[in-house]
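Please read the structure below before turning to the comments.
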Amino acid sequence: MKIALGSDHGGYNLKNEIASFLKDNGYEIKDFGTYSTESCDYPEYAQKVAEAVAAKEFDFGILVCGTGIGISIAANKVPGIRAALCSDTFSAHATRQHNNANILALGERVVGPGLAIDIVKTFLASEFEGERHQKRIDKISLIEEKYNK
Ligand code: RB5
């Protein structure tokens, strides 16, 4: 499974922890930056990861900023992206099952590394349930189409 990773400075340390976990567990990863704790702007990394995931170059993306909020808002501007900010494992499996989320967003200042890794494991192990949920996702796509003309 191929995973695209990105963060700003506020998510840099947690992104590295997630990268180590994924590498140790046989995932293929690409780290789109940032590569230090120097202050930077989260939309840039959200856009890089979201465009790569939307282009189907990766199975999933994982984005981290201080809260996970800014980076998920930015990622969700890319058509085809369903980025879910999760701070618990219930949300992580529910967003895969119901929303077919293709990007997981996390806040380094919100969750500790142990919980974050459990959230990542849960997100990647959970599957979309389709059926009635697909109809709702199709309605999200219609909203995108309306505003992308
Ligand atoms: C950076 O200080 C911080 O604003 C950013 O990481 C994130 O929390 C934005 O939503």
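Mind checking which residues of segment 39-84 are under 9 Å from the mean Cα position of the chain (by Cα), in a strand (DSSP E or B) and within 10 Å of the ligand (Cβ to nearest atom)?
The answer is Val64, and nothing else.
Could you please tell me which pairs satisfy a Cβ distance under 9 Å, a separation of 6+ or placement on different chains, a first residue in segment 121-137 that is open to solvent by 50 Å² or more (accessible area, probe 1.4 Å), and a second residue that is among the basic types (Lys, Arg)?
Ala125/Arg96; Glu127/Arg96; Phe128/Arg96; Glu129/Arg96
For segment 17-38, name all the residues that are open to solvent by less than 70 Å² (accessible area, probe 1.4 Å) and more than 15 Å from the ligand (Cβ to nearest atom).
Ile18, Ala19, Ser20, Phe21, Leu22, Gly26, Tyr27, Ile29, Asp31, Phe32
Does Ala74 meet the test of being under 16 Å from Lys15 (Cα atoms) and of a type in the set (A, V, I, L, M, F, W, C)? It would help to see each step written out before you state the result.
Values: under 16 Å from Lys15 (Cα atoms): no; of a type in the set (A, V, I, L, M, F, W, C): yes.
No: the conditions fail for Ala74.
Only residues in segment 39-60 that are over 18 Å from Leu85 (Cα atoms) count as the first member; pair them with residues that are in a helix (DSSP H, G or I) and open to solvent by less than 30 Å² (accessible area, probe 1.4 Å), Cβ under 6 angstrom, at least 6 apart or cross-chain, and list the lot.
Final answer for the pair search is Phe58/Ala52.
Can Ser91 be described as touching a strand residue (DSSP E or B) at 6+ places or on another chain (Cβ under 8 Å), crowded, with 16+ Cβ neighbours inside 10 Å, free of Cβ contacts under 8 Å to residues at least 40 places away in the same chain and part of a helix (DSSP H, G or I)? Spell out how you get there, then give the answer.
Numbers: touching a strand residue (DSSP E or B) at 6+ places or on another chain (Cβ under 8 Å): yes; crowded, with 16+ Cβ neighbours inside 10 Å: yes; free of Cβ contacts under 8 Å to residues at least 40 places away in the same chain: yes; part of a helix (DSSP H, G or I): yes.
Considered against the rule, which asks whether it is touching a strand residue (DSSP E or B) at 6+ places or on another chain (Cβ under 8 Å), crowded, with 16+ Cβ neighbours inside 10 Å, free of Cβ contacts under 8 Å to residues at least 40 places away in the same chain and part of a helix (DSSP H, G or I), Ser91 comes out as yes.
Which one of these is hydrophobic (A, V, I, L, M, F, W, C), at pLDDT 95 or above and more than 16 Å from the ligand (Cβ to nearest atom): Ala101, Ala116, Ala105? Steps first, please.
Details: Ala116 fails: more than 16 Å from the ligand (Cβ to nearest atom); Ala105 fails: more than 16 Å from the ligand (Cβ to nearest atom).
After applying the criteria, what remains is Ala101.
Which of the residues that make up segment 85-98 are within 16 Å of the ligand (Cβ to nearest atom) and hydroxyl-bearing (Ser, Thr, Tyr)?
Here is the first cut: in segment 85-98, the ones within 16 Å of the ligand (Cβ to nearest atom) are 85-87.
Once the filter is applied, which keeps residues that are within 16 Å of the ligand (Cβ to nearest atom) and hydroxyl-bearing (Ser, Thr, Tyr), segment 85-98 yields only Ser87.
Under 6 Å between Cβ atoms, at least 6 apart or on separate chains: pull out the pairs that start in segment 5-27 with a residue that is touching a residue at least 60 places away in the same chain (Cβ under 8 Å) and of a type in the set (Val, Ile, Thr) and end on any residue that is away from the ligand (no atom under 12 Å from the Cβ) and part of a helix (DSSP H, G or I).
Ile18/Val120
The values are calculated or read from the model by the stated rules, or taken from the named source; none is laboratory data. Here the structure is a predicted model, which means the values were calculated and not measured. Positions of Cβ are generated from backbone atoms using ideal geometry, with glycine treated the same way; all protein chains shown enter the neighbour counts. These accessible areas exclude ligands, DNA and RNA; they are computed on the full protein's heavy atoms, side chains included. Shrake-Rupley method; radii C 1.70, N 1.55, O 1.52, S 1.80 Å.
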